[in-house]
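Enquirer: There's a structure below that I have some questions on.
The values are calculated or read from the model by the stated rules, or taken from the named source; none is laboratory data. Computed from a prediction, not measured in an experiment: that's the story for all the values here. For neighbour counting, all protein chains shown are included, and Cβ atoms are generated from backbone atoms with ideal geometry for every residue, glycine included.
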Amino acid sequence: MVIETSRFGGIEVDAQRFIQFPKGLLGFPDDHDFALIQTGENSAFYWMQSVARPDLAFVVCDPRLFVADYKLAIKPEELSAIGMDNVDGCQVFVIVNKVDDTLTGNLQGPLVINVTTRTGRQLVLADKRYSTRYPLMQLPARPEAVSKTA
């Protein structure tokens, strides 16, 4: 299926890459259908692009690539809402933001996806070890930024 994006124009996306969020996402309750677009062959990051809105997309990643001890305490009713009885069969992503020269992840609002049905839900965790802007990685300095300060 071809979907329109504001970043890449029209792109072909395999049906296996679509995810439905029946309750939408925090701040976007009416946006239910997204496509997961890989940014590069070996990249840790994906674009999660709205199918209906070309201008709505999020960068997401698996938080465990950056936070080895990231653990989810998920209520049974939250898992059953996406057709799961444990987190083992789920793919977990977090939304990534760029804050100055740091990529941060919203570890308190993970996206939990049933990989079989491609149904997802955004959770709100009460775990205070994590934040909505948890530092994932420092970006390298851009050459023009270095030369301006030299």
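Enquirer: Out of the residues in segment 61-110 that are over 30 Å from A141 (Cβ atoms) and of a type in the set (S, T, N, Q), which is modelled with the lowest pLDDT?
Expert: N86
Enquirer: Looking at segment 111-150, which of its residues are loosely packed, with under 10 Cβ neighbours inside 10 Å, among the charged types (D, E, K, R) and either closer than 22 Å to A68 by Cα or modelled with pLDDT of 90 or more (or both)?
Expert: K128
Enquirer: Restricting segment 9-19 to residues that are touching a residue at least 24 places away in the same chain (Cβ under 8 Å) and in contact with a strand residue (DSSP E or B) (Cβ under 8 Å, 6 or more places away or on another chain), which is farthest from H32 (Cα to Cα)? Let's see the steps before the verdict.
Expert: To start, the set of residues in segment 9-19 that are touching a residue at least 24 places away in the same chain (Cβ under 8 Å) comprises 11, 13, 16, 18-19.
This time we only want the ones that are in contact with a strand residue (DSSP E or B) (Cβ under 8 Å, 6 or more places away or on another chain), so: 11, 13, 18-19.
Numbers: I11: 19, V13: 17, F18: 10, I19: 8 Å.
Of everything passing the filter in segment 9-19, I11 is farthest from H32 (Cα to Cα).
Enquirer: Pick from A35, A52, A81: which is more than 18 Å from V124 (Cβ to Cβ) and surrounded by 15 or more Cβ atoms within 10 Å (Cβ to Cβ)? Break it down into steps so the answer makes sense when it comes.
Expert: Working: A52 fails: surrounded by 15 or more Cβ atoms within 10 Å (Cβ to Cβ); A81 fails: more than 18 Å from V124 (Cβ to Cβ).
Of A35, A52, A81, the one residue that is more than 18 Å from V124 (Cβ to Cβ) and surrounded by 15 or more Cβ atoms within 10 Å (Cβ to Cβ) is A35.
Enquirer: Turning to a different aspect of this structure: Which of the strands (runs of 3 or more DSSP E) contained wholly in segment 36-150 include at least 2 residues that are aliphatic (A, V, I, L, M) and free of Cβ contacts under 8 Å to residues at least 60 places away in the same chain?
Expert: Correct list: 57-61, 90-99.
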